[in-house]
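Right, one structure below, let's go through it.
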Amino acid sequence: MKFTRFSSISAPGFLGAFLLPLALLACKDQDRSEDWAGHPKSEAPAVAMAEAPAAAPKPAAPAAPAAVAAADPVEAGSVRFMAYNVENWLTMDRYVDGKSQKGSPKPEKEKLAIAGLLAEAKPDILGVSEIGDEDDVKDIQAYLEKAGHPMPHAHLNRGSDPTRSLVLLSRYPIGKTVVRDKLTYRSQGRDHAMQRGILDAAVETPAGTFRFLGVHLKSKRETEDGDQEDMRLNEAHLLRREIDGILSGDPEARLVVFGDFNDTRQSPTVRTIHGGGKNPKSLLMIALKDSRGHYWTHHWDYQDVYSRIDYVMVSGALRDSIDWDRCKILDHEAVAGASDHRPLLVILK
């Protein structure tokens, strides 16, 4: 197994009638991005969601996750893609069973829960937020293999955050990857580097080649480094710049943009990434929901807040390549004990 990685310049889930404010504690060939001096501050049009023909019911208050049936049968020529913030699969100071532990790995029971639900869901390609370093990637791969669902190929992407990274795991070989080391911006008179960067990797599958862009944007946690909202919006503009560049060069690019955006659907952050109106470079937002018709992807236990902050969007070239009826948010009973986020499943064909 071969990893590709880089470091940047400097350090650093419920939609509907009950949407509440979110706060979060905190997720080969090289091409080079061109310099970018800044971003426009204009308002972006409201985000429209691309979804299955039947309208989903308005979500009610969230209930405890219920068990779901085993994974849908794998159809020839389709690809199961999942995006998942696994909540700190890394070594860090943490509380375990109410006790503070220094330099502790993710608890074993949470690792087993994640590996079990992924083995049941059977993703072909998995975009992970909040993973640590190469050893953590090898660790999650070992758990998946032991659970009966090996994903031997990996592309690790690191930004300026020395702790949390992004990784793409795959059953298929990973092709071209793009390294970006100029993901910087200026906010409130200070220079910043994009914390987790932008994961960029192509995978050739039985359904064709897909290019994946993954992010884990700045959290809503306040920081002395600057204004967290402006920092996150700047990171969104950096991602939008890369999307525009890709689609300008290849309007038919089969692009999948995913990750933990750390913001809600109509926020400037999400609207910036989505793109506006009839812009040919706008993305399609997949209206993922769980077995009850709920859209939330993250539960903040401390405030008991449910929000939708994790997304999968695709370029226009993939409009007819989504199996809308089978895309969903997983609410298997093991999900609640695995991470504070719920995994997103998209079927590509």
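The values are calculated or read from the model by the stated rules, or taken from the named source; none is laboratory data. All figures in this text were calculated on a predicted structure; none of them were measured in a lab. Cβ atoms come from the backbone with ideal geometry, glycine included; neighbour counts cover every protein chain shown.
Scanning segment 87-132 for residues that are over 17 Å from the mean Cα position of the chain (by Cα) and in a strand (DSSP E or B) returns Met92, Asp93, Arg94, Tyr95, Val96, Lys99, Ser100, Gln101, Lys102, Gly103, Ser104. Considering segment 100-135, the residues that are surrounded by fewer than 23 Cβ atoms within 10 Å (Cβ to Cβ) and acidic (Asp, Glu) include one that is nearest to Pro173 (Cα to Cα), namely Asp124.
Which pairs turn up if I take residues in segment 255-278 that are under 29 Å from Lys176 (Cβ atoms) and look for partners that are part of a loop (DSSP other than H, G, I, E, B) and aromatic (Phe, Trp, Tyr) with beta carbon separation below 9 Å, at least 6 apart in sequence or on another chain? From segment 255-278, the pairs are Thr269/Phe261; Val270/Phe261; Ile273/Phe261.
Condition first: among the aliphatic types (A, V, I, L, M), touching an Asp or Glu at 6+ places or on another chain (Cβ under 8 Å) and surrounded by 15 or more Cβ atoms within 10 Å (Cβ to Cβ). Can you find one or more residues in segment 207-214 that meet it? Even if it seems obvious, please write down each step before you answer.
Within segment 207-214, the subset among the aliphatic types (A, V, I, L, M) is 207, 213.
So of that shortlist, the ones also touching an Asp or Glu at 6+ places or on another chain (Cβ under 8 Å) come out as 213.
Subset that is surrounded by 15 or more Cβ atoms within 10 Å (Cβ to Cβ): 213.
So far as segment 207-214 goes, yes, one or more of its residues are among the aliphatic types (A, V, I, L, M), touching an Asp or Glu at 6+ places or on another chain (Cβ under 8 Å) and surrounded by 15 or more Cβ atoms within 10 Å (Cβ to Cβ).
Residues of segment 314-339 that are within 29 Å of Glu242 (Cα to Cα) and acidic (Asp, Glu): Asp320, Asp323. Counting only residues that are touching a Lys or Arg at 6+ places or on another chain (Cβ under 9 Å), charged (D, E, K, R) and either part of a helix (DSSP H, G or I) or crowded, with 20+ Cβ neighbours inside 10 Å (or both), segment 241-259 holds 2 of them. Scanning segment 209-233 for residues that are modelled with pLDDT of 95 or more and part of a strand (DSSP E or B) returns Thr209, Phe210, Arg211, Phe212, Leu213, Gly214, Val215, His216. The residue list Gly208, Gly197, Gly189 contains one member that is under 18 Å from the mean Cα position of the chain (by Cα) and at positive phi, which is Gly197.
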